[in-house]
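For reference, the structure discussed in these notes is given below.
The values are calculated or read from the model by the stated rules, or taken from the named source; none is laboratory data. Predicted model only: the values in this text are computed from it and were never measured. Note that each Cβ is placed from the backbone with ideal geometry, even for glycine, and that neighbours are counted across all protein chains shown.
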Amino acid sequence: MVNLYKTLVRPHVEYCVSAWSPYYKKDKELLEKIQRRFTKMVKGLGGKTYEERSQMLNLWTLEERRNRQDLIEIFKICKGYTRINASSSSSSFNKKLSKRNLYIVQR
């Protein structure tokens, strides 16, 4: 059942998340609610907390996955693995970083 969730549901929830990245708490909670609901459906886990259910199913919270993806994107930009040049688009690049409370050290 976890594989079905990871294959069919989670890609829809995470689609283009690096571009639109939910900023408001209510939007983040709305997305996380989908994973909460799924973990409650798994037999034997209904009475446990969301954190316990996620840990037992080896699922990261969607917030953790978004943060991880942001860090991967920053790494790719800094190392030149993407077509985006960090120095030429630094103003929009830095706005997104400050928005998500991520900081980058440029050499």
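Residue by residue, here is whether (1) in contact with a Phe, Trp or Tyr (Cβ under 7 Å, 6 or more places away or on another chain); (2) of a type in the set (A, V, I, L, M, F, W, C); (3) touching a residue at least 24 places away in the same chain (Cβ under 8 Å) holds:
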site: TYR5; (1), (2), (3): yes, no, yes
site: PHE38; (1), (2), (3): yes, yes, yes
site: GLY46; (1), (2), (3): no, no, no
site: THR49; (1), (2), (3): no, no, no
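Checking each residue in region 23-33 for being without any contact (Cβ under 8 Å) to a residue 12 or more places away in the chain and surrounded by 10 or more Cβ atoms within 10 Å (Cβ to Cβ) picks out ASP27, GLU29, LEU30, LYS33.
Annotation: ILE74 fulfils all but one of (1) touching a helix residue (DSSP H, G or I) at 6+ places or on another chain (Cβ under 7 Å); (2) surrounded by 15 or more Cβ atoms within 10 Å (Cβ to Cβ); (3) of a type in the set (Val, Ile, Thr); the unmet one is (1). TRP60 meets each of the listed conditions (1) part of a loop (DSSP other than H, G, I, E, B); (2) at pLDDT 90 or above; (3) within 15 Å of SER18 (Cβ to Cβ) apart from (3).
Among the candidates LYS43, LYS26, LYS33, the residue that is charged (D, E, K, R) and in a loop (DSSP other than H, G, I, E, B) is uniquely LYS43. Considering only region 66-89, I want to know if a residue exists there that is of a type outside the set (Ser, Thr, Tyr), modelled with pLDDT of 90 or more, in a helix (DSSP H, G or I) and over 18 Å from the mean Cα position of the chain (by Cα). Within region 66-89, not a single residue is of a type outside the set (Ser, Thr, Tyr), modelled with pLDDT of 90 or more, in a helix (DSSP H, G or I) and over 18 Å from the mean Cα position of the chain (by Cα). Among the residues making up region 34-45, a single one is among the β-branched types (Val, Ile, Thr) and crowded, with 16+ Cβ neighbours inside 10 Å: THR39. Would region 46-56 turn up any residue that is at pLDDT below 90, within 16 Å of the chain's Cα centre (by Cα) and loosely packed, with under 13 Cβ neighbours inside 10 Å? No: region 46-56 contains no residue that is at pLDDT below 90, within 16 Å of the chain's Cα centre (by Cα) and loosely packed, with under 13 Cβ neighbours inside 10 Å.
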